[in-house]
Amino acid sequence: MIRKILFLDIDGVIAVEASNYQLSEHKQKLLGEIIKQTNCEIVISSSWRKQTVLETQMYFEQKGFDYVHRIVGITIRAYHHLNNSKIHLSIPRGVEIKQWLDTNIHSNNGKDFKKLKSGKDFTYCILDDDDSDMLLEHKNNFIKTDTTMGLSINELNKVINILNNNLV
């Protein structure tokens with residue numbers, strides 16, 4: 001069975017202006033339709049993520065997230081403060097997503113440890129309202145939402161197509 005991973009941002013996707021940037025029930029229902037039609041796992045790539053998957057799950061449960069049981073990962077926070085100075089080095093979110101894929105998508109059947117192939121062994125989609133810090137290699141797996149409106153039927157269908165390995 002092919003593994004399907006949804007990298008999920010929260011603000012501007014399922015927490016929108018109309019819900020005072022809290023989790024929107026309507027947007028969560030749309031997310032639920034994606035899950036229903038793809039059986040995808042969720043990796044949180046949002047600033048809402050905490051230090052560990054468990055802490056993130058607990059936080060999302062407190063916030064009323066309907067799909068806590070689908071959260072299987074979080075992306076790293078790949079930024080550093082240099083020498084306790086005021087210099088801040090920000091790493092693009094696309095790099096954090098690439099690191100998660102490189103670290104977590106593999107097969108270990110017996111002695112054979114191999115990297116799985118996108119499209120054949122797994123599919124992934126990035127759902128975010130900001131494309132400014134994504135990598136070029138993610139362009140066919142990225143769906144951008146409107147920051148104020150969030151997830152809509154249009155994006156929902158595109159995400160489903162990507163995760164189910166159909167052409168967008």
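Using 0.36 nm per residue and subtracting the Cα-Cα separation, the extra length available between LEU136 and GLN51 on full extension is 27.9 nm.
Annotation for TYR59 and ASP102: the two label points, set 7 Å from Cα along the Cα-Cβ direction, are 2.4 nm apart.
Averaging Cα coordinates gives a centre for region 1-49 and one for region 146-166; these two points are 10 Å apart.
What residues from region 1-33 fall in the zone where the backbone N is under 14 Å from a label point 7 Å along the Cα-to-C-beta line of ASN154? No residue qualifies, since no backbone N sits under 14 Å from the label point.
Here, each number is a calculation from the coordinates, and none is a lab measurement. Nothing here was measured: the structure is a model prediction, and the numbers come from that model. Methodologically, a virtual Cβ is constructed for each residue, glycine included, from the backbone with ideal geometry; neighbour enumeration extends over all protein chains shown.
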